[in-house]
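The values are calculated or read from the model by the stated rules, or taken from the named source; none is laboratory data. Remember, it's a predicted structure, so these values are computed and weren't measured experimentally. So basically every Cβ, Gly included, is an ideal-geometry build from the backbone, and we count neighbours across all protein chains shown. Heavy atoms of the whole protein, side chains included, go into the accessibility calculation; ligands, DNA and RNA do not. Shrake-Rupley method; radii C 1.70, N 1.55, O 1.52, S 1.80 Å.
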Amino acid sequence: MATEIRQTMSGEEMVALSRKHTLFEWSAQSKVDPIPVARAKGIYFWTPEGKRFIDFNSQLMCVNIGHGDERVIRAIQEQVAVLAYANPFMATEVRARLGAKLAEIAPGDIDVFFFTNGGADANENAIRLARLATGRHKILARYRSYHGGTAGSLSLTGDPRRWSVEPGLPGVVHVLDPYHGLARGWESAEQSLAMLEEVIQLEGPQTIAAFILESVTGTNGVLVPPDGYMQGVRALCDRYGILMICDEVMAGFGRTGEWFAIDHWKVVPDIITMAKGLTSAYVQLGAVGMRRAIADRFQDKVFYGGLTYNSHPLACAAALATLQVYEDDGLIENARRMGRVMKELHEDLARRHPSVGATRSIGLFGLIELVRDRAKKTPIAPFNGTSEEMTALSRFFRQEGLYTFLRWHTFFTNPPLCITEAQMREAFEIIDRGLEITDRAVDG
Ligand SMILES: Cc1ncc(COP(=O)(O)O)c(C=O)c1O
């Protein structure tokens with residue numbers, strides 16, 4: 001049964017009132033220009049006036065199954081009618097079933113889960129678990145990373161969003177990634193691991209509880225690690241008794257063409273964090289998964305952590321239904337199949353557009369880096385900044401009804417995993433025309 005939601009505001013009114021009474025994140029408020037959204041279905045969403053957008057970023061890389069799936073809506077409706085909430089000291093059927101289901105799909109012997117409200121608090125609890133389990137306090141993290149907007153998670157974050165909370169959480173040490181930006185490019189897994197081991201030794205391995213890293217780095221560039229890197233990190237962690245925490249908040253749940261991105265390298269982390277695609281954002285939910293040996297440490301010892309909405313029944317019901325959709329519709333296979341199409345479309349753009357400096361993708365996790373000088377690989381916008389050309393490209397996408405995420409000199413291609421080839425080509429046709437704007441900025 002479709003429920004009518006009374007929508008009385010125009011897009012303009014929604015924007016004006018939202019801007020007046022609510023704060024938009026990561027922005028100077030005078031600069032925000034939100035798209036008013038009234039409804040969404042599949043890979044599309046619409047403004048109140050009926051302008052259609054292709055959602056080429058799955059909103060915030062989270063609506064993996066696509067918008068408005070009736071099966072998930074029904075599961076939420078049924079759950080809210082029976083039990084909207086039970087406090088986290090209680091057991092519920094949806095909590096029990098979700099824990100068991102995640103144990104089935106999570107890598108290796110990860111089979112115990114702590115539920116949170118989202119990704120940031122999943123990472124907060126992951127590092128707390130690691131500190132309690134090891135009795136050590138330092139946490140290694142990487143510079144090109146984002147781990148969430150709370151105090152601890154922002155301290156772990158390596159990108160400029162961290163600067164606002166500094167000095168931040170004591171004991172967080174950042175290391176370099178195998179990727180060093182467009183001009184310097186990639187180093188080998190061996191070089192990067194040697195640097196990591198040097199940092200471990202200089203910091204004192206006996207002081208380091210965990211190394212947290214995104215299995216495939218998200219907002220900092222869809223960075224797919226070179227083969228051997230993840231296996232090497234696993235080996236170093238084992239050698240020094242450091243727990244390996246994989247942040248799969250963005251890369252998990254089929255985005256890369258596997259349930260979890262780390263599955264590409266057949267590595268089992270000690271702790272894995274997830275959110276976003278877990279419910280495809282129909283209801284907010286995050287989780288920390290851990291190997292049995294870590295969970296066992298808390299059989300007699302207290303786990304100091306809690307949230308009022310831990311294991312929220314609506315969220316658990318949404319997650320169970322979402323996981324069923326991935327399986328019933330073969331969405332992970334589709335991500336792999338459409339990922340191959342997307343890679344070809346990326347390569348085609350790189351061949352024809354001088355402003356395309358690099359393209360990267362794995363499954364339906366994709367990014368394009370734009371340059372104003374191909375030989376020197378000068379980004380078209382500075383680190384942590386924007387440029388006239390990127391602003392013009394953003395304006396063009398919006399005018400043409402393509403929504404995606406633009407950051408510095410890059411933009412993302414992260415559609416819902418239910419996308420068809422025809423829809424993919426429709427989106428790339430708009431991108432193709434948009435890149436004529438950035439091509440005009442290329443020197444020579
Ligand atoms: C890799 C990664 N970790 C953590 C987070 C934080 O998740 P949340 O915004 O749900 O707190 C994000 C959000 O984008 C993310 O991409």
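Here is a yes/no grid of residues against (1) open to solvent by 40 Å² or more (accessible area, probe 1.4 Å); (2) touching a strand residue (DSSP E or B) at 6+ places or on another chain (Cβ under 7 Å); (3) within 27 Å of GLY119 (Cβ to Cβ):
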site	(1), (2), (3)
ARG340	yes, no, no
GLU344	yes, no, no
TYR403	yes, yes, yes
ASN414	no, yes, yes
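Looking at segment 339-433, the strands (runs of 3 or more DSSP E) lying wholly inside it that each contain 2 or more residues that are among the small types (Gly, Ala, Ser) sit at 356-362. Within segment 219-268, the set of residues being open to solvent by less than 10 Å² (accessible area, probe 1.4 Å), among the hydroxyl-bearing types (Ser, Thr, Tyr) and more than 16 Å from the ligand (Cβ to nearest atom) comprises just one member, TYR229. If you go through segment 21-36 and keep only what is in a helix (DSSP H, G or I) and over 20 Å from ARG161 (Cα atoms), you end up with just HIS21. Filtered by the rule that a residue be assigned to a helix (DSSP H, G or I) and more than 24 Å from the chain's Cα centre (by Cα), segment 71-103 gives ARG74, ALA75, GLN77, GLU78, GLN79, VAL80, ALA81, VAL82, GLU93, VAL94, ALA96, ARG97.
Of the numbered conditions (1) surrounded by 18 or more Cβ atoms within 10 Å (Cβ to Cβ); (2) closer than 29 Å to GLN206 by Cα; (3) not small (Gly, Ala, Ser), GLN79 satisfies every one except a single condition; which is it? The number of the failed condition is (2).
Of the residues ALA287, ALA350, the single one that is out of contact with any Leu (no Cβ under 6 Å at 6 or more places or on another chain) and under 29 Å from GLU421 (Cβ atoms) is ALA350. For segment 105-126, residues that are within 15 Å of the ligand (Cβ to nearest atom) and assigned to a loop (DSSP other than H, G, I, E, B) total 2. Scanning segment 205-263 for residues that are aromatic (Phe, Trp, Tyr) and within 21 Å of the chain's Cα centre (by Cα) returns PHE211, TYR229, PHE253, TRP259, PHE260. Looking only at residues in segment 269-294 that are in a loop (DSSP other than H, G, I, E, B) and open to solvent by 10 Å² or more (accessible area, probe 1.4 Å), the one that is nearest to the ligand (Cβ to nearest atom) is GLN284. Number of residues in segment 171-186 that are open to solvent by 40 Å² or more (accessible area, probe 1.4 Å) and in contact with a strand residue (DSSP E or B) (Cβ under 9 Å, 6 or more places away or on another chain) equals 3. Here PHE24 meets the list (1) in contact (Cβ under 8 Å) with a residue 40 or more places away in the chain; (2) open to solvent by 40 Å² or more (accessible area, probe 1.4 Å) almost entirely, failing just condition (1).
In this entry, SER18 is excluded by the filter for residues that are among the small types (Gly, Ala, Ser) and either open to solvent by 90 Å² or more (accessible area, probe 1.4 Å) or part of a loop (DSSP other than H, G, I, E, B) (or both).
Anything in segment 58-70 that is at negative phi and under 15 Å from the mean Cα position of the chain (by Cα)? List them, or say none. If the condition is that a residue be at negative phi and under 15 Å from the mean Cα position of the chain (by Cα), then LEU60, CYS62, VAL63, ASN64, ILE65 are the ones that fit. Of all residues in segment 322-333, none satisfies being within 16 Å of the ligand (Cβ to nearest atom) and surrounded by fewer than 24 Cβ atoms within 10 Å (Cβ to Cβ).
Among the residues of segment 85-128, those that are open to solvent by less than 10 Å² (accessible area, probe 1.4 Å) and among the β-branched types (Val, Ile, Thr) comprise ILE110, THR116, ILE127. Collect the residues in segment 127-143 that are outside any helix (DSSP H, G or I), more than 16 Å from the ligand (Cβ to nearest atom) and basic (Lys, Arg), keeping them in residue-number order. If the condition is that a residue be outside any helix (DSSP H, G or I), more than 16 Å from the ligand (Cβ to nearest atom) and basic (Lys, Arg), then ARG136, LYS138 are the ones that fit.
Residue-wise test of (1) within 16 Å of the ligand (Cβ to nearest atom); (2) closer than 16 Å to ALA321 by Cα.
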{"residue": "TYR44", "(1), (2)": "no, no"}
{"residue": "THR47", "(1), (2)": "no, no"}
{"residue": "ARG52", "(1), (2)": "no, no"}
{"residue": "MET61", "(1), (2)": "yes, no"}
{"residue": "HIS67", "(1), (2)": "no, yes"}
{"residue": "ARG74", "(1), (2)": "no, yes"}
{"residue": "GLN79", "(1), (2)": "no, yes"}
{"residue": "ALA86", "(1), (2)": "no, no"}
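Of all residues in segment 27-61, those being free of Cβ contacts under 8 Å to residues at least 24 places away in the same chain and touching a strand residue (DSSP E or B) at 6+ places or on another chain (Cβ under 6 Å) number 3. The single condition among (1) open to solvent by less than 60 Å² (accessible area, probe 1.4 Å); (2) polar (S, T, N, Q); (3) assigned to a helix (DSSP H, G or I) that ASN64 does not meet is (3). If I ask for residues that are within 11 Å of the ligand (Cβ to nearest atom) and either over 25 Å from GLY305 (Cα atoms) or in contact with a Pro (Cβ under 6 Å, 6 or more places away or on another chain) (or both), which ones from segment 145-160 would you list? Correct list: ASP159 only. Inspect all residues belonging to segment 42-56 and state whether any of them is of a type in the set (A, V, I, L, M), in contact with a helix residue (DSSP H, G or I) (Cβ under 7 Å, 6 or more places away or on another chain) and surrounded by 14 or more Cβ atoms within 10 Å (Cβ to Cβ). Yes - at least one qualifying residue is present in segment 42-56.
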